[in-house]
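Student: After the structure tokens below, expect a handful of questions from me.
Derivation of every value follows stated rules applied to the coordinates shown; laboratory data play no part. What you see is a predicted model; the values in this text were computed from it and never measured. Cβ atoms come from the backbone with ideal geometry, glycine included; neighbour counts cover every protein chain shown.
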Amino acid sequence: MAMASAGCGGSSHPASSTSTSPPPANSSPPTSPTTPTASATAPRGSTPTARPHSAPAAADWATYHRSGLRTGAVATGPALGRVRRLWSVPVAGGVYAEPLVIGARVIVATQENDVYALDAASGRRLWAAHLGAPVGGGSLPCGNVDPSGITGTPVADPRTGTLYVVAYRSGPRHVLFALSLGTGAVRFKRPIDPPGGNYTTQQQRAALALSGGLVYVSYGGLYGDCGRYHGWVVGAPATGPDGPLIDYQVPSQNEGAVWAPSGPAVDQHGNLYVATGNGNASSFDYGNAVIRLTPGLQAISYFAPADAGALNTTDTDLGSTGPVLLPGGRAFILGKSGTGYLLSTANLGGLGHELASIALAPAFGGDAYAAGTLYVPTIGGIAAVQVAGDHLSRRWNQSVATLPPIVAGAGVWALSSGGTLYQLDSRSGAVRYRVGVGEPEHFATPAADGRRVYVAAGGLVQAFG
């Protein structure tokens, strides 16, 4: 299945970081929260003070799937089966990023390094910002995004009226921009590439996260797994261009991408949960893992399937989706193997120690969760999975929509790869509304504000209500 990135190669660990060999795959799994060997954070200066993640305002959809938990749900939305298209507006460039909704503005970012602010009620353009020439796909050693500009979903801070977005610009370099939500003016910018200088093989695919005064930017590799790269998370102060950066490198010898479109999940204490793609060893090397990081990007716990080393050899990424954080200190992850895992966030469990598992189908992108049910985007359709304590069970499965869903009121909204938007009944999976919207980019997902649902596909941004 084609995708925007799968996570390949990576730079060597910077000299300032600690690096040792990961334990062999047959070593005993931990029984308490464990720091992965070679998981040291490499600060580029002192670690900024981090504060807990803040929940969005009721109507804001200011980050991928609305909150740092990545649950992708809002309590109200268009009534089942009573939907119409409200407006449609063209934009230049493919849209891989999820639209954001902040107050009365819809924010859309494209591969042309363009950012648009549209009026949520009418679609009228309020402002547009161009953040530099994107990188031509033909200039990269592999990959399937052309041109390559803004790929990861931005994140907004409604309290300060700031939008944070990473543009891949000719050079090539990744640059973090802070824009005014009101006008699109650049408040500051700074280079945000991870250490190592692998500017042509590191891809910024995952959604940005904002927590405790830090913007977190994750990296993987290009589709095709060419060259050297690592999974990275880089943290930058949200207040300006001059503060120190911090970073975490996945300690696989190569690869181990943090590439899932949903990006890191963030809990109420500001801890990050990242999922990795395949490493390049035949034994466990922190590829195919969920890793818990402190706000300062120190690794303190991990989970990997018992067969994580074997998954490396077949490019069967656990991290083709990102973790979603659930009530009761639980997390869920499902990757290309088709096995979903329920984890404890207090102790992710180490190698092969999940709380529960369920057989589904390979999944890509990001899940949604509401009222005890996960909605999972598998290649066989959206699967509804009931979470009850430490147990997982399938409620329903439909086969028409396969891209990452969201929940708006009683409806589950998701796209098909062929360009149809579906509203599904959250109780049964029955199709209650469908409409052609144009072919979406890989793993495209809608957004919502409690009244309307917004979709970017086929060169258009469209609203339904």
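Student: Provide the per-residue ³J(HN,Hα) series for segment 421-428, in order, calculated from phi with Karplus coefficients 6.51, -1.76, 1.60 and θ = phi - 60°, each as a whole number of Hz, with x at glycine and proline positions.
Tutor: Those phi angles translate into 8, 10, 10, 10, 6, 5, 7, 10 Hz.
Student: Picking from GLY136, VAL234, GLN398, whose Cα lies most toward the positive end of the charge dipole for segment 73-464 (charges on Cβ: Lys, Arg +1; Asp, Glu -1)?
Tutor: Final value for the positive-end residue is GLN398.
Student: Could you tell me the largest-minus-smallest coordinate of the C-alpha atoms of the chain on each of the three principal axes, in descending order and whole angstroms?
Tutor: 56, 48, 41
Student: What does the C-alpha gyration tensor say about the overall shape of segment 215-302? Classify as rounded when a/c is under 1.5, otherwise prolate if a/b is larger than b/c, or oblate.
Tutor: Taking the square roots of the gyration eigenvalues as a ≥ b ≥ c, segment 215-302 is prolate.
Student: Also, quick follow-up: Counting Lys and Arg as +1 and Asp and Glu as -1, what is the net charge of the other residues whose Cβ lies under 12 Å from the Cβ of ALA346?
Tutor: Net of charged neighbours comes to +1.
Student: Around ALA447, under 11 Å between beta carbons, what's the net of Lys plus Arg minus Asp minus Glu among the other residues?
Tutor: -1
Student: With an 8 Å Cα cut-off and a minimum separation of 6 or more residues, compute the relative contact order for segment 73-464 in percent.
Tutor: It rounds to 14 percent for segment 73-464.
Student: Dipole of the chain, Cα-centred, from +1 at each Lys and Arg C-beta and -1 at each Asp and Glu C-beta, to the nearest 20 debye?
Tutor: With only Lys, Arg, Asp and Glu charged at Cβ, the dipole is about 1180 debye.
Student: Among DSSP beta bridges whose residues both lie in the chain, state the antiparallel percentage, nearest 5.
Tutor: 95 percent
Student: Distance between Cα centroids, segment 121-168 to segment 404-418: provide it in whole Å.
Tutor: 23 Å
Student: Once each part is reduced to its C-alpha centroid, what is the distance from segment 333-392 to segment 213-265 in angstrom?
Tutor: Cα centroid to Cα centroid, the span is 24 Å.
Student: Determine the sum of side-chain charges near TYR302: Lys and Arg each +1, Asp and Glu each -1, restricted to other residues whose C-beta is under 15 angstrom from that of TYR302.
Tutor: -1
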